[in-house]
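Have a look at the structure below before the remarks.
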Amino acid sequence: MDSEKFKDIEKKWQKRWDEAGIFEADADKDREKFFLAHAYPYPSGPTHHGHARAYLFDDAIARYKRMKGFNVLYPMGWHCTGNPAMIKAEKIRKGDRDTIDKLKEAGVPEREVKKLKDPYRYVRFFATESDLSYKNCLKTVGCSIDWRREFMTIDDTYKKFIQWQYSRLRKLGYVQQKEYPVIWCPEQEMPLGDNDVEDESQGAEAEEYVAYKFMVEEDGEEILLPAATLRPETIYGVTNMFLNPGLDYVVADVGNERWLLSQEAYEKMGYQREDVSLVEEFSVEDIIGKYCKNPVTEKDIIILPADFVKGDSATGVVMSVPAHAPYDHIAIKELKKREDVLKKYNIDTKDLDFDYISLIDLEGYGKYPAVEIADEMGIEDMNEERLEEATKEVYRKEFHKGTLSENTGYPGKKIDEIKDKVKEDMLARDLAEIYYDTNKPIVCKCGAMGVVKLVDDQWFLRYSDREWKDISLDLLNRATVIPDKYRKELNYYLDEWMGDKPCARKKTLGTELPFDKNWMVEPLSDSTVYMAYYTIAKTINQKKIEAEDLDSSVFDYVFWGKGDPKKCKMEEDVLGEMREEFLYWYPIDMRIAGTEHLSNHLSFMIFHHAALFDEDRWPRGITIHGMVLDENGNKVSASKGNGYSMKEIAKGGVVDAMRIGMYAKSSPWDDIKFGKKEVDRTIENVSSRFQKMVRYVDMVKEAPEGKEDVFDRWIVSKMHRHIKKTEDAMERLELMEAVNHSFYGAFNDIKKYINKKDSPNRKVLEEVIGIWIRILAPFAPHLCEELWEKIGGEGFVSVAEWPRSDSDAIDRVAEKEVELGDMVEDDIREIKDITGMDRLEQIRIVVSAEWKWKMRTAVEEGKDLSELMEKDMFRRQGKVAARYFQELKEEHQIEELMDVDEELQALEEMKGRFEETFGAKVVIEREEESQEDKAAKARPGKPAIVLKD
RNA sequence: GCGGGGGUACCCAAGCGGUCAAAGGGGCUAGGCUUAGGACCUAGUGGUUUAGUACCUUCGCAGGUUCGAAUCCUGCCCCCCGCACCA
């Protein structure tokens, strides 16, 4: 069978499954249910084989559970709320070449590209409406989804569900409004997450600077120099001020004060407070060389020129603490050498001879750690790259180990403990203000430069709430987490890491907050309890329920059983059906998501379920999937083009082989290296096994009826073990292990069976193949469906009953016999190799003497030598017996073996096999009867072998 | 920095106190099959050694616990992932 044939098989069975609706699941009180849901995908672009892996994990579970008799609900929806599609659509509208070319490259037809400037069209296109879509991806790889429950998060009906959720959360007191600094795109007027900014800006964050108000008098007017620092405690060590005469500065009214700011800082400040207005441009050359007053120590310090001060970072006003900041130290050192500069600003060299002020005691260092570390690292000038490193080093050490000195307001206090207190005190005394800036320049994907905006009415979810955390932890404790190692991480996120989270934004695709229509629910926050929506989505879709009929009273009734169903704008039986479906399917049994979702989607899911649902509706299981990397360890992604597109997969007839490859590569939660080359190789390899499998299946019909021998008993036994092992692995979701048994293990054993037997026994082969097809069906469903039909299996194998592992069919003796046979065969071969005999005349296999068996048992029972030697049977053997006794003693565990007669019989059964393999006559005899010297080498379970050529 | 996970033979990857010189897959080597190649089958794949045995060295590095450690403990080195308002 070639891949063309496989392709037909895929399409054929996908169509039949669809037509028969076998994956459609309805509430059925007589059957036990299993409800699993994967994180619904965000349709941001074309799909590739990396996406497929995640869903194939679910599919194998769903299929396995179905065969185990569960009524399985496996639904899928589309997460369309959020910004990426909006940004992409906007770029297309603007005619951005790069975006458009990439889409074309990915296979989006020319005339379709233009239409994608509509974000709604964009998400639909990539969710469901093209062969590049996620839906097509899932269908291509054969996911057994109940498509009647499909929805998009931009559906009006879904929005009603979100509004219900938020109005209820607010009633519970978990939603709150407060001030919040966000990274903001002034162009698009919306906050920026990491996904919204260019790569080089990723990981940026808003930093909170404390701007100390130093005062200088200029033309009889007080101007404040807001020196921004991340280390407010160092205010006690300021020796001078740095301004950059090469920058544009302005004087601005800030509140009722007059501030000096860099041009950029002035502009940015407008996003953080409203009472800022421009007074005039200002040349700082006028005040360089003058003195200004430290607001805390009230010391006068000199203002020095510094070209390292940047205008786009913080305020453009920098206070200098040379004792503890290497930059400042080096800058002063350098300036001392620059006579031309000093002269220009009329600065006397004596003015630079101030002493550094130490304010932090740090073990292992003297008064000026910054100087010491700079010297140690050999840093001479401002261009030195390692200056940054030195700064971090000083900062880290002082922060963790340093204490404030006597000359500060907080003598003896540890920096890491007092830092916030210093800030609060200074703010309270009005000596400083907060100013936010980003820690690196932010370039929005739209091209604009990002700023920090202070939003004063941001809506938050109060994840910091202790009580809420506690019930969430309770939920986690009751749930299964697979693998359990992620429980720790989740626990940490829930218990400690999570703080209040902004849950709404002004502009995005999504749902309006029901109590404040200016805000849209932020896209991570509308994806928390949507699994409950699947239970009713079928009814909503089929009965074409309108959004306006889905007011909160409906959800109160369906999810909580509260309120009067008669008051809902809905027919009672429709409402009843939704209620019934919810009660039947909920809670969710297994929620699947990627590792990157532990700290958001999964944590939020836990919080929201804990808040909104009773304990008996709490999620029961959580599991994690890893991602697919290419050969260089990079994530496979559409933009990198390092993955196979679903279009390519769909035409290849390679789905089942790819599935097996992915499952077998490693545990589902680990990342796999599975680049294109590897995919090719794996597919080729697995496909060739598939072809052999097909051949084995074909052999069933031709196989003769025959008498059962040891190999028949052996293969049946092995297959029953594979059932059991696959089952055990599946219960732990260890797909790799499951596939190792159901595919590779079964394959190798069946191959061996067919090779060792002259002709396989029909009845046995039939049973074996029947088992094999079924235990492989969750992993290679299309092929198994085809083979199932071929052997005349009833109905679809996808919903066939999982084979029972029958303990009676496990035949330990047969297994032992075959193992013995293998071992003897190996030994014969080895001796043959060592002796260099190429043609054997005769092989004598000598089974160990009976007394050796007896002694084994005796030793196992703990008898000692003298006790044993009292018996004739052993005493007759003399020294040999004593030596064998020692030998046995040295074994730690005595392996369970057949007895003498069984071993003899087993070898008799294997005789034909040995004769055939080695082309020699085989004689089997007992040690007691043997004439051979080497017979004495025989041991129980290890007969002696004598070769003659 | 905080939190989590890892380092296993040529490569990927299991194992997580004795049955471990270490599953499985790939690669490689030899033999068979074949007109030849591919595919397929069979065997081998740390070292020394041997009529099928035995011994030595090996699971990031260094110590420790134990009759016994890839597996447990301690320290060190290195790698990966997440750190939010973004899906």
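We did not get these values from a lab; they are worked out from the coordinates using the rules stated. Worth saying up front: this structure is predicted, and the values here are computed from it rather than measured. So basically every Cβ, Gly included, is an ideal-geometry build from the backbone, and we count neighbours across all protein chains shown.
Give me the angle, in degrees from 0 to 90, between the Cα long axis of helix A:850-860 and the longest principal axis of the Cα atoms of chain A, rounded to the nearest 10. Roughly 30 degrees, rounded to the nearest 10.
Each listed q (0.05 Å⁻¹) maps to a log10 I(q)/I(0) for chain A from the Debye sum over equal C-alpha point scatterers, namely -0.49.
Peptides A:216-223, A:491-498 ranked from most to least packed give A:491-498, A:216-223, packing being the mean of other C-beta atoms within 10 angstrom over each peptide's residues.
Sort A:713-721, A:26-34 for me by packing, meaning the mean count of neighbouring Cβ atoms within 10 Å per residue, highest on top. Numbers along the way, then the final one.
Working: A:713-721: 23.1, A:26-34: 13.4.
Descending mean neighbour count gives A:713-721, A:26-34.
If R0 is 41 Å, the Cβ-Cβ spacing of A:ASP425 and A:ARG338 corresponds to a FRET efficiency of close to 0.65.
Dipole of chain A computed with +1 at Lys/Arg Cβ and -1 at Asp/Glu Cβ about the Cα centre; of A:GLY50, A:ILE672, A:MET719, farthest Cα towards the positive end is A:MET719.
Are any of the pairs A:LYS707/A:LYS756; A:LYS88/A:LYS117; A:LYS517/A:LYS538 more than 19 Å apart by Cα-Cα distance, and if so, which? Mind showing how you got there, number by number?
Working: A:LYS707/A:LYS756 15 Å; A:LYS88/A:LYS117 8 Å; A:LYS517/A:LYS538 29 Å.
Pairs exceeding the cut-off: A:LYS517/A:LYS538.
Can you give the FRET efficiency for A:ASP101 and A:LYS677, using 1/(1 + (r/R0)^6), R0 = 25 Å, r = Cβ-Cβ distance, to the nearest 0.05? Computed FRET efficiency for A:ASP101 and A:LYS677: 0.45.
Average projection, convex hull of the Cα set of the stretch A:906-949: 3.4 square nanometres. Given their separation in residues at 0.36 nm each and the Cα-Cα distance between them, A:GLU841 and A:ASP312 gain 181.2 nm when the chain is fully extended.
Please state the relative contact order of the stretch A:516-629 as a whole percent: Cα pairs under 8 Å, 6+ residues apart?
Working: 110 pairs, mean separation 34.2, N = 114.
Result for the stretch A:516-629 is 30 percent.
Relative to the longest principal axis of the Cα atoms of chain A, helix A:879-890 runs at roughly 30 degrees. Over all directions, the projected convex hull of the C-alpha atoms in the stretch A:447-569 averages 12.0 nm² in area.
Taking the Cα centre of chain A as origin, work out the dipole magnitude from +1 charges on Lys and Arg Cβ and -1 charges on Asp and Glu Cβ, in debye rounded to 20. Don't skip to the answer; put the middle values down first.
Details: 146 positive and 191 negative charges, 617 e Å.
The dipole magnitude comes to about 2960 debye.
Given charges of +1 on the Cβ of Lys and Arg and -1 on the Cβ of Asp and Glu, with all other atoms neutral, how large is the dipole of the stretch A:608-731 about its Cα centre, in debye to the nearest 20? List each step's numbers first, then the result.
Working: 22 positive and 21 negative charges, 91 e Å.
Dipole about the Cα centre, nearest 20: 440 debye.
Size check on the stretch A:566-683: the Cα extents along the three principal axes, sorted descending, read 61, 32, 27 Å.
Could you tell me which of A:MET855, A:GLY795, A:THR140 has its Cα farthest along the dipole of chain A towards the positive end, charges placed at Cβ (Lys, Arg +1; Asp, Glu -1), taken about the Cα centre? Value: A:GLY795.
Each of A:ASP933 and A:LYS567 was given a label point 7 Å from its Cα along the Cα-to-Cβ line. The distance between the two points is 10.4 nm. Each peptide in A:866-876, A:412-422, A:617-627 gets a packing score, the mean of other Cβ atoms within 10 Å over its residues, and the list from highest to lowest is A:617-627, A:412-422, A:866-876.
The shape of the stretch A:245-373 comes out prolate: with a ≥ b ≥ c from the C-alpha gyration tensor, a/c is at least 1.5 and a/b beats b/c. I need the shape label for the stretch A:194-266. Rule: rounded when a/c is under 1.5, else prolate if a/b > b/c, else oblate, with a, b, c from the alpha carbon gyration tensor. Here the stretch A:194-266 falls in the prolate category. Quarter the surface of the alpha carbon convex hull of the stretch A:866-949 and you get the mean projected area, 7.0 square nanometres.
Here's the picture: charge each Lys and Arg Cβ at +1 and each Asp and Glu Cβ at -1 in chain A, and of A:ILE415, A:GLY21, A:TRP259 the one pushed furthest to the positive end of that dipole is A:GLY21.
Among the lysines of the stretch A:880-949, pairs that are 8 or more positions apart or on different chains and have alpha carbons within less than 17 Å of each other number 7.
Helix-only arithmetic for chain A: the sum of -39500 (n - 2.57) across DSSP H runs with n ≥ 4, divided by the residue total, places the mean residue ellipticity at 222 nm at -13000 deg cm²/dmol. A Förster radius of 35 Å, combined with the Cβ-Cβ distance separating A:ASP131 from A:SER688, puts the computed FRET efficiency at roughly 0.75. With coordinates expressed along the principal axes, the C-alpha atoms belonging to the stretch A:326-421 extend over 44, 29, 23 Å, beginning with the largest. Model label points for A:GLU389 and A:ASP826, set 7 angstrom from Cα along the Cα-to-Cβ axis, are 5.4 nm apart. The length gained on full extension between A:ARG396 and A:THR349, counted as 0.36 nm times the residue separation minus their Cα-Cα distance, comes to 13.6 nm. Helix A:466-478 and the longest principal axis of the C-alpha atoms of chain A enclose an angle of approximately 10°.
Please report the relative contact order for chain A, taking Cα pairs under 8 Å with a sequence separation of at least 6, and give it as a percent rounded to a whole number.
Numbers: 1656 pairs, mean separation 131.6, N = 949.
For chain A, the relative contact order is 14 percent.
Taking 0.36 nm per residue of sequence separation and removing the Cα-Cα distance, the A:GLU298/A:ALA547 pair yields an extension gain of 83.1 nm. When A:TYR486, A:TYR249 are arranged by Cβ crowding within 10 Å, least crowded first, meaning fewest neighbours, the order is A:TYR486, A:TYR249.
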